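Colleague: Handing you a structure now.
The values are calculated or read from the model by the stated rules, or taken from the named source; none is laboratory data. As the structure is a computational prediction, the values presented were derived from the model and not from experiment. Using ideal geometry, Cβ is built from the backbone for each residue, glycine included, and neighbour counts are taken over all protein chains shown. With ligands, DNA and RNA removed, areas are computed over all heavy atoms of the protein, side chains included. Shrake-Rupley method; radii C 1.70, N 1.55, O 1.52, S 1.80 Å.
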Amino acid sequence: MSQLSSGERIHLVDHKRRQYALTLKAGETYQFSGQKIAHDAIIGRPDGTIVVLSGGKKMLAVRPTFGDYVLKMPRGAQVLYPKDLALIPMWADVYPGARVFESGTGSGALTMALLRAVGPRGSVVTYEMREDFARTALQNVDRYLGPVPNLTALRKNAYEGIELLDDGISFDRVVLDLPEPWQVIPHAATALRSGGIYLSFVPTVPQVVQTVEALERATVFGMIETFETLLRTWSVQGRSVRPDHRMVAHSGFITVARKVEPGLLRSTAGKGVSIDGDQEDLSDEAGEELSA
């Protein structure tokens, strides 16, 4: 639908690209810095149209992108940045039809990213301990995606275990946004199918260390990787081209691992990868790649 309708969430964007969220409702009025505009003056207009407030201020009325919506939606827990929400489904390889376990739900940003990736044929099971977080998250999901029958939201603690659904089929992916994901790793090792992918997001180095150590202790996880992403935007104004003065730098670390049959890969304490019992020093290989 190209026309804005009553009941949907939109953003008003000013000339400085600042965005202001509102939910359209027939008969109501939006007020901004002493100016106002009737919702009825926006309802029925095309997505991307210019609207004029009572004092003459012009703003764009647009449907928010997923990234814009996440940054402006009501929240209980801190939401992940769009740069991380974009990468998590890619590195977890969340595909249409996948069965995904998530914990914790937080404000629902990651839940929505996973639902968009699995599509209507897939399913997402999400655990959240706090009732207030869960309530806000489900409202956010419903406001942006509408009814999602393939989402199962439960008030459970993933630290205590991961339960399969009634059909007993293992999960394809386990995605965690928790303070102590290492407590869930033993449960993930059981709940994941062979070849399934584990991914967790944590903000600090000590959390990463404990997570990777737990993955190694589980013995069924290999191909363990940890990385962070930095997003730097640029200002392009004619011939004046430069990086913006502010950037979204460190937000957290993503750790990914694959559930595999033990025996081929194991940790080598920084010396490389152990293959068939032999230690391989990767320093020369890395040098060759850099010099190529």
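Colleague: If I ask for residues that are among the aliphatic types (A, V, I, L, M), open to solvent by 80 Å² or more (accessible area, probe 1.4 Å) and either modelled with pLDDT of 95 or more or assigned to a strand (DSSP E or B) (or both), which ones from the range 220-230 would you list?
Modeller: Correct list: MET223 only.
Colleague: For the range 21-54, which positions are assigned to a strand (DSSP E or B) and open to solvent by less than 60 Å² (accessible area, probe 1.4 Å)?
Modeller: Of everything in the range 21-54, those that are assigned to a strand (DSSP E or B) and open to solvent by less than 60 Å² (accessible area, probe 1.4 Å) turn out to be ALA21, LEU22, THR23, TYR30, PHE32, GLN35, ILE37, ALA38, THR49, VAL51.
Colleague: Just wondering, is there one or more residues in the range 99-108 that are open to solvent by 30 Å² or more (accessible area, probe 1.4 Å), out of contact with any Asp or Glu (no Cβ under 8 Å at 6 or more places or on another chain) and either outside any loop (DSSP other than H, G, I, E, B) or hydroxyl-bearing (Ser, Thr, Tyr) (or both)?
Modeller: no
Colleague: For the range 175-198: of the residues being of a type outside the set (A, V, I, L, M) and in a helix (DSSP H, G or I), which is least open to solvent (accessible area, probe 1.4 Å)?
Modeller: PRO181
Colleague: If I filter the range 199-214 down to residues being open to solvent by 60 Å² or more (accessible area, probe 1.4 Å) and hydrophobic (A, V, I, L, M, F, W, C), which single residue comes out as nearest to LYS83 (Cα to Cα)?
Modeller: VAL205
Colleague: Could you identify the single residue in SER200, SER235 that is polar (S, T, N, Q) and within 19 Å of the chain's Cα centre (by Cα)? Step through it out loud before you land on a result.
Modeller: On the way: SER235 fails: within 19 Å of the chain's Cα centre (by Cα).
The match here is SER200.
Colleague: Yes or no: ARG217 modelled with pLDDT of 85 or more, part of a loop (DSSP other than H, G, I, E, B) and open to solvent by 80 Å² or more (accessible area, probe 1.4 Å)?
Modeller: no
Colleague: Please enumerate the residues belonging to the range 88-98 that are surrounded by fewer than 21 Cβ atoms within 10 Å (Cβ to Cβ) and among the small types (Gly, Ala, Ser).
Modeller: Hit for the range 88-98 is GLY97, nothing else.
Colleague: Looking only at the range 109-130, filter to residues that are touching a helix residue (DSSP H, G or I) at 6+ places or on another chain (Cβ under 9 Å), in a loop (DSSP other than H, G, I, E, B) and not charged (D, E, K, R); which one of those is most open to solvent (accessible area, probe 1.4 Å)?
Modeller: Here the residue is MET129.
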